[in-house]
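Notes follow once the structure below has been shown.
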Amino acid sequence: MTLLKIHRWIALVAVIFTLYLAVTGTLLQLIDLTGILGHASPYNANMQAMRGDPNGPGDYAMIGPADYLAPRLPADADVPALLATTAQAARAAAGATPIRSLDLRMRDGQVIGIAQLNDQLPPLPGSEGPPMPRHTILVFDAVSGKPLPTGEIPQHNVERQDSLRVIVKSLHRLTTFGNNALWINVFVGVGLAVLIVTGVWVHIKQYRARAKMGRKAFLWKAQDWWRTLHRAFSVICALFLTVLVASGLWLAVESLVFGYYMSDQIAQAMATHRPPPMFADHFSPLKDGEAYALANTTMGAYAADRPGIPPRAVRLRVFAGYTQGVIVSGDAGDQSAQQFVYNARTGETMRETEPGYPEVGFPFGWQAHQWAKSVHNGSLIGLTGRGIGLLAGLCMFYLSISGIVMYVRMWRRRAANGKRQFFW
């Protein structure tokens with residue numbers, strides 16, 4: 001069997017799925033680019049959905065819509081001292097109630113300290129699970145320790161299910177159709193990889209044959225423009241399509257594993273009345289008297305990463321046994337925000353996947369999955385990558401359409417000569 005036959009047969013089987021993935025993937029990229037280039041509000045449902053995953057699952061993430069517009073803390077703010085004052089005020093107000101986390105933020109031109117307490121509600125009637133956590137919020141003037149009204153407390157981003165982005169993303173990943181449908185993306189990903197390899201190799205063989213005859217143009221006109229452009233786009237976009245397909249196949253496999261994992265976890269949760277590990281509470285109380293030292297280590301590590309740039313928010317917490325300092329930072333004058341997580345005892349940078357973190361269902365952890373997504377959609381290299389991703393999606397769309405047109409034309413020519421086989 002020749003490479004050309006392999007290419008044609010796989011394309012014939014996969015073309016409807018490649019067309020579907022090209023349309024939904026391109027639409028997803030356009031939704032993101034529309035929000036980014038249009039400077040959409042960070043409270044926009046699509047923007048929240050776009051930013052819902054990259055900073056970690058559940059309560060691991062700190063960044064929320066308010067952080068994309070928040071002012072920085074004063075450049076001369078003594079963050080360790082302010083957090084120590086907040087911790088002392090919180091302990092005086094909370095009595096023996098454990099302190100879950102301590103934050104510093106700006107509100108109305110004032111540095112405020114936020115303490116989240118680990119209260120507990122009694123178990124639900126008939127439930128065999130543990131007591132339900134309740135997180136009481138206390139707010140203080142971080143300089144004086146004076147209690148302040150709670151007001152609106154910033155929350156982290158979530159993938160809002162009412163957003164167009166979540167709907168299109170579910171269609172693109174095929175999660176809309178259940179776990180068994182996730183196998184389709186895996187098979188299509190393998191098929192697309194074979195199409196790229198065979199397509200490029202066929203082009204190289206044809207080029208070598210033409211070069212022997214003195215025709216050394218890398219691209220040339222074929223019998224018609226459909227075939228000419230099909231070849232040109234496939235060769236020009238081969239590298240971008242390879243990255244798109246390889247990362248997409250990685251994500252398809254991870255999504256498949258994650259889908260079955262979550263189905264199993266949800267079934268266990270319903271039977272035991274306990275949340276799946278990813279959604280359980282993995283916070284432990286902060287120890288009294290440590291706020292200053294922990295904040296000092298955190299700020300030293302952050303200063304090495306972003307010298308001279310005051311943070312927008314700082315949090316101390318104990319997550320999955322790690323005492324952490326979490327910092328939200330952003331450039332002045334735009335809607336950018338980044339989350340930095342440090343080991344507050346050692347100053348080491350921490351990732352979204354570390355030994356001892358709760359299970360999340362992805363084979364290589366949350367961080368690897370987010371890296372793969374940033375490669376797939378191009379956000380790893382910013383707007384340039386987003387633009388390349390959009391062009392690659394449009395290229396896949398054209399290759400699918402032109403492939404259908406070329407095949408139908410060839411079949412009609414063969415049928416006119418009595419050769420009506422669908423595969424040849």
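The values are calculated or read from the model by the stated rules, or taken from the named source; none is laboratory data. Model, not experiment: these values are computed from the prediction. Ideal geometry is used to build each Cβ from the backbone, glycine not excepted, and the neighbour counts take in all protein chains shown.
Taking segment 42-88 as the range and being buried (at least 19 other Cβ atoms within 10 Å of the Cβ) and free of Cβ contacts under 8 Å to residues at least 40 places away in the same chain as the test, only Met47 passes. Within segment 161-186, being without any contact (Cβ under 8 Å) to a residue 24 or more places away in the chain and among the aromatic types (Phe, Trp, Tyr) holds for one residue alone: Phe177. Which of (1) touching a helix residue (DSSP H, G or I) at 6+ places or on another chain (Cβ under 8 Å); (2) closer than 26 Å to Ile16 by Cα; (3) not polar (S, T, N, Q) does Phe362 not meet, given it meets every other one? Of (1) touching a helix residue (DSSP H, G or I) at 6+ places or on another chain (Cβ under 8 Å); (2) closer than 26 Å to Ile16 by Cα; (3) not polar (S, T, N, Q), only one is false for Phe362: (2). Against the test of being aromatic (Phe, Trp, Tyr), under 26 Å from Leu28 (Cβ atoms), touching a residue at least 12 places away in the same chain (Cβ under 8 Å) and surrounded by 14 or more Cβ atoms within 10 Å (Cβ to Cβ), the options Trp226, Trp250 yield a single qualifying residue, Trp250. Within segment 13-35, none of the residues are farther than 30 Å from Cys395 by Cα, modelled with pLDDT under 95 and crowded, with 16+ Cβ neighbours inside 10 Å.
Checked against (1) surrounded by fewer than 19 Cβ atoms within 10 Å (Cβ to Cβ); (2) under 17 Å from the mean Cα position of the chain (by Cα), Gly356 passes all but condition (2). In segment 375-424, the residue that is nearest to Leu239 (Cα to Cα) out of those that are β-branched (Val, Ile, Thr) and in contact (Cβ under 8 Å) with a residue 60 or more places away in the chain is Ile388. Here Ala22 clears all of (1) out of contact with any Cys (no Cβ under 9 Å at 6 or more places or on another chain); (2) closer than 21 Å to Gly385 by Cβ except the condition numbered (1). The set of residues in segment 323-340 that are surrounded by fewer than 20 Cβ atoms within 10 Å (Cβ to Cβ) and either modelled with pLDDT of 95 or more or in a strand (DSSP E or B) (or both) comprises Gln338, Phe340.
Please verify whether Met270 is at pLDDT 90 or above and either assigned to a helix (DSSP H, G or I) or of a type in the set (Asp, Glu) (or both), treating the condition exactly as stated. Against the criterion (at pLDDT 90 or above and either assigned to a helix (DSSP H, G or I) or of a type in the set (Asp, Glu) (or both)), Met270 does not qualify.
Of all residues in segment 409-424, those being of a type in the set (D, E, K, R) and not in a loop (DSSP other than H, G, I, E, B) number 4.
Checking every residue in segment 414-423 against the condition of being among the polar types (S, T, N, Q) and closer than 30 Å to Ser284 by Cα gives zero matches.
Comparison of Ala293, Ala304, Ala320 shows that the only residue that is touching a His at 6+ places or on another chain (Cβ under 6 Å) and either modelled with pLDDT under 95 or farther than 24 Å from Pro65 by Cα (or both) is Ala320.
Taking segment 379-399 as the range and being surrounded by 15 or more Cβ atoms within 10 Å (Cβ to Cβ) and of a type outside the set (A, V, I, L, M) as the test, the residues that pass are Ser379, Gly385, Arg386, Gly389, Gly393, Cys395, Phe397, Tyr398. Every test in (1) buried (at least 17 other Cβ atoms within 10 Å of the Cβ); (2) of a type in the set (S, T, N, Q); (3) within 19 Å of the chain's Cα centre (by Cα) is passed by Asn343 save one, and that test is (3).
Is one or more of the residues making up segment 102-113 within 21 Å of the chain's Cα centre (by Cα), modelled with pLDDT of 95 or more and on the phi < 0 side of the Ramachandran plot? Looking for residues that are within 21 Å of the chain's Cα centre (by Cα), modelled with pLDDT of 95 or more and on the phi < 0 side of the Ramachandran plot, one finds none in segment 102-113, hence no. Among residues of segment 89-109 being out of contact with any Asp or Glu (no Cβ under 7 Å at 6 or more places or on another chain) and among the basic types (Lys, Arg), the one that is surrounded by the fewest Cβ atoms within 10 Å (Cβ to Cβ) is Arg107. Residues in segment 280-294 that are in a helix (DSSP H, G or I) and buried (at least 16 other Cβ atoms within 10 Å of the Cβ): Ala291, Tyr292, Leu294.
Conditions tested, residue by residue: (1) crowded, with 17+ Cβ neighbours inside 10 Å; (2) closer than 19 Å to Ile31 by Cβ.
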| position | (1), (2) |
| --- | --- |
| Gly361 | yes, no |
| Lys373 | yes, yes |
| Ile401 | no, no |
| Val405 | no, no |
